[in-house]
Amino acid sequence: MNTGTALVGFMLSFLAGSGLTWGVAEYRKAELAPSDTSAEPSRQASSPIPIGSDDPSWGSATAPVTVVVLSDFECPYCSRAVPTLARVEKEYRPEQVRVVWKHYPLESHPNARPAAEAAAAVRALGGDFWKFHDLAFGHQRELSRENFARWAVEAGVDSGRFEAELKSLRPAAKVDRDISLARQLGINGTPHFKINGKTLSGAQPFDKFKQLIDEQLTAADALAKTGVRRADLSLELTKKNFAAPPAEPRKGPPAPPPVDTTVWKVPVAADDPVSGPADALVTLIEFSDFQCPYCSKVGPSIERLRQEYPRDLRVVWKDLPMSFHPRAKPAAFLSRFAYDERGNDGFWKVHDALFEDQKNLDDESLLRTAEKVGLDTRRARAALGSTRYTKKIDESVALASDFAIPGTPHFFINGRRVSGLKPYEDFKRLVDEQLALARALVDKGVPRAAVFQELMKSAKAPPEPEKKTVAAPTRDNPSRGPDKARVTITEFSDFQCPFCSRATPTMEQLLAAYPKDVRLVWRHLPLSFHPNAPLAAEAAQEAFAQGGNEGFWKYHDTLFQNQKALARPDLERYAREQGLDLARFNAALDSHKHKPHVDRDSQEAQRASITGTPGFIINGYFVSGAYPFETFDRLVRKALQER
């Protein structure tokens, strides 16, 4: 993982109270401090670990210690290194240490490469790379093309120029260069650090960094006394310290990643569209997206399997419309409508028509598809404009999340996982293997129609949701719902975070669904790259002090409804409109009366390793991000059963 201009800001609320507080203004001054221009780019490029003008960095180019960070926006270990490097940047002056970022998206992280290219585009266009960096790590489970575009704008880049830069393939070339360097250096995991050429691998504690940095500062002092100019200290030490990876004999192409041989217990619902006989010996479950080009390309392979195994293969469809495909969900609505109207036959006719005309999924095109397959277009229009199928599709999305499905297409063949666009031969090999196992069960007396259920008896259920513990709330934490509710949802949130505002209706829905069983507790986690969030948190806490829970939630709703207007005058106006005592309100904000409470909440988040917003803890189960109602509902029901 890495750091950067806004990184100390990102961790500021976490580091407060730990003796590590440093103001963003001071950090900006440090970043903009004049640097020695005698460190020529050509000299930097001659390093065993070359640094280019297109590499994002913090600190002076003449600093005697250079920390090169090779990182991946989707890597959880990289995100854990964020606070450590923030502390490095706090403990050492920019004249002492420079931090340089290089992209190393791992192939096992499907969203890492697009995130890296988007970040490179922001950097190339003169935007705030570190703000984009902070947004990506702050919402690591929400890496999508849609969000990259939004974050680029927040980082100061014009949306049109951003899209054009991505299409130019220049960002892709930059990422390719960084990946090539990482491979030349023999690096096979992230995060990875080179400190003046010395290796530090993994999310190591601060003391490990401090030991190497202090060692290199001492070495730089000694080298400077021999007459080496300051601008060359880091370069010369890197040349001295660097050890090239041992050459390996050529062994042909690299071995493929290990195959997942686990049999997963993926349920088939009564209203899932199906093709093939009910007593088929092999069940292929497909999670797919009508706007996904890879889903379209894999279609002929699935159809070929249907033709080759008409008696023994059942194909089950599950919707997984990706958030960055805006027309995938409307298309899924039409296919569900066709299923309701004409059953499996109607569904598959619409399915085929949608993939045949995948570039035309606007409402009018969908209605033409409905007419083409003989559906009532008036009723189809009503279905597209309703929420009739939202619950079913959200349940499918939540199920995909349970089984850690990163994208589409994704398959389970008698429970065996197949991810992505694979050749027909891969599917056929696994179908044949599973067919042999199924026939062996039939030979033992298992009825054909019961083979899948028999296999699922010993299959593996989805992994348990992540768990976290936090200290019990105090009387100063605003809440909704009964104090003795069997389920407590603790929400760590930020009034300037757009994802937090999206989660608000979901929390309302949960409270309405479980009026006696769910209590919602609010905890502040203002991320410092949201400049108005800290004071907004203090203002909301003063609304609580004056009006109790009712006053807080009223003010809370106002802030989320006006997220783009959270400056001090706006906060005062909302207080006035709410009928708060304005003199008390202003005095609380002037004195930062509620800052200790906000800091305590943030420190509790830090202790639980909650680094982004919104974050929820449901009787110990952790959810990071604004997931649909069904994700929360499933955990609430699980918590109720356990109680």
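The values are calculated or read from the model by the stated rules, or taken from the named source; none is laboratory data. Please read all numbers here as calculations on a predicted model, not as lab measurements. Neighbour counts run over all protein chains shown; Cβ positions are idealised from the backbone, glycine included.
Taking the options K208, K225, name whichever one is in the same structural domain as F137 (by TED's automatic domain parsing), in contact with a Ser or Thr (Cβ under 9 Å, 6 or more places away or on another chain) and surrounded by fewer than 17 Cβ atoms within 10 Å (Cβ to Cβ).
So the residue among K208, K225 that is in the same structural domain as F137 (by TED's automatic domain parsing), in contact with a Ser or Thr (Cβ under 9 Å, 6 or more places away or on another chain) and surrounded by fewer than 17 Cβ atoms within 10 Å (Cβ to Cβ) is K208.
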Within region 443-457, considering residues that are of a type in the set (A, V, I, L, M) and assigned to a helix (DSSP H, G or I), the one surrounded by the most Cβ atoms within 10 Å (Cβ to Cβ): V451
Single match in A115, A86 (criterion: in contact with a Leu (Cβ under 6 Å, 6 or more places away or on another chain), within 21 Å of L212 (Cα to Cα) and not charged (D, E, K, R)): A86
Say whether the condition of being under 25 Å from R80 (Cβ atoms), surrounded by 23 or more Cβ atoms within 10 Å (Cβ to Cβ) and of a type in the set (S, T, N, Q) is met by at least one residue in region 145-154. no
For region 499-516, pairs from a residue that is part of a helix (DSSP H, G or I) to a residue that is of a type in the set (S, T, N, Q), with Cβ under 8 Å and 6 or more apart or across chains, are F499/T613; C500/S493; C500/T613; S501/Q563; A503/S493
Answer yes or no as to whether R336 is touching a residue at least 24 places away in the same chain (Cβ under 8 Å) and under 31 Å from the mean Cα position of the chain (by Cα). yes
Need pairs with beta-carbon distance below 7 Å; first residue free of Cβ contacts under 8 Å to residues at least 40 places away in the same chain and more than 11 Å from L535 (Cβ to Cβ) and within region 559-575, second surrounded by fewer than 19 Cβ atoms within 10 Å (Cβ to Cβ) and among the acidic types (D, E); sequence gap 6+ or separate chains. N562/D570
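Looking at the structure I just gave you, is A440 surrounded by 14 or more Cβ atoms within 10 Å (Cβ to Cβ), part of a helix (DSSP H, G or I) and not basic (K, R)?
So A440 does not fit the description; no.
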Of all the helices (runs of 4 or more DSSP H) wholly in region 78-187, which have at least 3 residues that are of a type in the set (D, E, K, R) and within 20 Å of H325 (Cβ to Cβ)? 145-154
Residue ID - nearest to the chain's Cα centre (by Cα), chosen from residues in region 267-298 that are aromatic (F, W, Y) and either part of a strand (DSSP E or B) or surrounded by fewer than 20 Cβ atoms within 10 Å (Cβ to Cβ) (or both): F287
If you check every pair at least six apart or on different chains, which have Cβ atoms under 6 Å apart with a residue in region 527-551 that is touching a residue at least 40 places away in the same chain (Cβ under 8 Å) and surrounded by fewer than 20 Cβ atoms within 10 Å (Cβ to Cβ) first and a residue that is not in a helix (DSSP H, G or I) and not acidic (D, E) second? N549/P478
For region 62-101, the count of residues that are more than 30 Å from P114 (Cβ to Cβ) and not charged (D, E, K, R) equals 8
Can you name the condition, by its number, that V521 falls short on among (1) out of contact with any strand residue (DSSP E or B) (no Cβ under 7 Å at 6 or more places or on another chain); (2) surrounded by fewer than 24 Cβ atoms within 10 Å (Cβ to Cβ)? (1)
Determine if region 475-482 includes at least one residue that is under 19 Å from the mean Cα position of the chain (by Cα) and either on the phi > 0 side of the Ramachandran plot or not acidic (D, E) (or both). no
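To keep it simple, each residue is scored yes or no on (1) farther than 23 Å from A400 by Cβ; (2) surrounded by fewer than 19 Cβ atoms within 10 Å (Cβ to Cβ); (3) under 28 Å from the mean Cα position of the chain (by Cα).
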residue: Q563; (1), (2), (3): yes, yes, yes
residue: L566; (1), (2), (3): yes, no, yes
residue: P569; (1), (2), (3): yes, yes, no
residue: E577; (1), (2), (3): yes, yes, no
residue: D581; (1), (2), (3): yes, yes, no
residue: A588; (1), (2), (3): yes, no, no
residue: D599; (1), (2), (3): yes, no, yes
residue: Q603; (1), (2), (3): yes, yes, yes
residue: I618; (1), (2), (3): no, no, yes
Identify all residues within region 135-166 that are closer than 26 Å to F622 by Cα and not hydrophobic (A, V, I, L, M, F, W, C); write none if there are none. G138, H139, Q140, R141, E142, S144, R145, E146, N147, R150
Out of contact with any His (no Cβ under 7 Å at 6 or more places or on another chain), within 18 Å of V623 (Cα to Cα) and not basic (K, R), is that true of T504? yes
State whether the residues of region 302-320 include one that is at pLDDT below 95 and under 19 Å from F403 (Cβ atoms). yes
